[in-house]
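The values are calculated or read from the model by the stated rules, or taken from the named source; none is laboratory data. Everything quoted here is computed from the prediction, not taken from an experiment. All Cβ positions, glycine included, derive from the backbone under ideal geometry; neighbour counts span all protein chains shown. Heavy atoms of the whole protein, side chains included, go into the accessibility calculation; ligands, DNA and RNA do not. Shrake-Rupley method; radii C 1.70, N 1.55, O 1.52, S 1.80 Å.
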Amino acid sequence: MSNINDYRVGMTVYGKISGIRPFGAFVKFDDGVTGLIHISEISNGFVRNIDHFVNIDEYVMTKVIDIDREHKQLRLSFKALSRNTRRYGNKVKFQGMPDNEKGFKSLQEKLPEWVKEENNHIKQ
């Protein structure tokens, strides 16, 4: 990417934390574009101190939630990512759901049996 016009809302982008302020963390990208992760976009929980979530020079994965083309800045979010992330040193890796056979499919398969059992119990 070479300029702000190459970015789109909804894109997942990888950049370096270049500054931390009480209201958010600044991210710089290799092409010179910058963005801000506002404190409200750091976590779903309460954020008292942004330093507990990111460090200067740390690489992070974020999602573009808005673009200010006039000022050539991106509004970024951790919360908007579709998966949880975990940081390893200066790299970010995705921590998705474990692959297993349990989940909604097993509930869907068992539901008719449970309904039948409950109906039999009610009739008694």
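Mind listing whichever residues of the range 1-28 are in a helix (DSSP H, G or I) and either open to solvent by 40 Å² or more (accessible area, probe 1.4 Å) or in contact with a Ser or Thr (Cβ under 9 Å, 6 or more places away or on another chain) (or both)?
Quick first cut of the range 1-28, residues in a helix (DSSP H, G or I) only: 4-6.
The answer is 5, 6.
For the range 66-89, how many residues are open to solvent by less than 90 Å² (accessible area, probe 1.4 Å) and either on the phi < 0 side of the Ramachandran plot or at pLDDT 90 or above (or both)?
13
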- Give the residues of the range 29-65 that are open to solvent by 40 Å² or more (accessible area, probe 1.4 Å), over 13 Å from residue 13 (Cα atoms) and among the charged types (D, E, K, R), sorted by residue number. 48, 51, 57
